[in-house]
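Q: The structure that follows is given in the form of structure tokens.
We did not get these values from a lab; they are worked out from the coordinates using the rules stated. All values reported here derive from a predicted model rather than from experimental measurement. Heads up, the Cβs are rebuilt from the backbone with ideal geometry, glycines too, and the neighbour counts pull from every protein chain shown.
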């Protein structure tokens, strides 16, 4: 798990633009690696200091403090639980002046959601919380407007919430969600991991998806699981039987044995149906008088 956290940390390059060419391969886009492989003789001290203490701790099933106060885009102060209760939530920690990765995370989420047939505000909510206490509701509104330029879906505005909060609330929320980040005084930016957290309607992290590109299948299955089956179709339930969430990669992997069982059951049912049809046909032929065409 420690190696995974290092891999996730190396994706947080918003604070280290000068290192981008050297370690861009470590950013968890596409199919993320299970861990970061150090070169022979490489020690922890050679990893850039801002990246040593950041990452995701997967607090699966641990309830978030939904009574924490946050500010909506219009400046209205409300408990976070206002955005929970009825539907699963895609939760994002970011900050609105981030020069690189936060925008890519939000854009990647918008692209993945745009492929899904699930509807925002009906099947799920999107909640983005700034980790920068200096961010204002106006900055949140501007970031939301840019997000909606990409995610052009009816209900996207009402089902997407870009929030700000005070330092104590930010600290409690990020610690509860397992989102570890640091302030880099040298660059005056936050070093942070990249990814989204799919949370149950009652505020329990269910799945962590890493990187900046999220497979629509992974995102959909995570929402179906977080909703306890209230979102999605029977096909999704079948897919969840054949695909399993891997916390090391933050993706759903194909389960060969379960798929073979499903295929075996389908084959048996098909053979049973064929035999039943043939028996019925044989009975009709037997009962038909001679000289009379069945």
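Q: With r as the distance between the Cβ atoms of residue 230 and residue 141 and R0 = 35 Å, compute the FRET efficiency 1/(1 + (r/R0)^6) and round to 0.05.
A: Rounded to the nearest 0.05, the efficiency is 0.70.
Q: A further question follows. Just the Cα atoms of the stretch 146-193: what Rg and Dmax do they give in Å?
A: My reading of the Cα-based Rg and Dmax gives 14.8, 42 Å.
Q: By what distance, in whole Å, do the Cα atoms of the stretch 115-231 stretch along each of the three principal axes, largest value first?
A: Extents along the principal axes, in whole Å: 44, 28, 25.
Q: Same structure again: Which value in nm describes the separation of the simple spin-label points at residue 60 and residue 281, placed 7 Å from the Cα toward the beta carbon?
A: 4.9
Q: Apply 1/(1 + (r/R0)^6) to the Cβ-Cβ distance of residue 77 and residue 97, taking R0 = 25 Å, and write down the FRET efficiency to the nearest 0.05.
A: So the FRET efficiency works out to roughly 0.70.
Q: Right, next: Rounded to the nearest 5, what is the percent of antiparallel bridges among the DSSP beta bridges in the stretch 51-190?
A: Just about 40 percent of them are antiparallel.
Q: Tell me the label-point distance for the pair residue 119, residue 150, using the 7 Å Cα-to-Cβ offset, in nm and rounded to one decimal.
A: In this crude spin-label approximation the distance works out to 2.4 nm.
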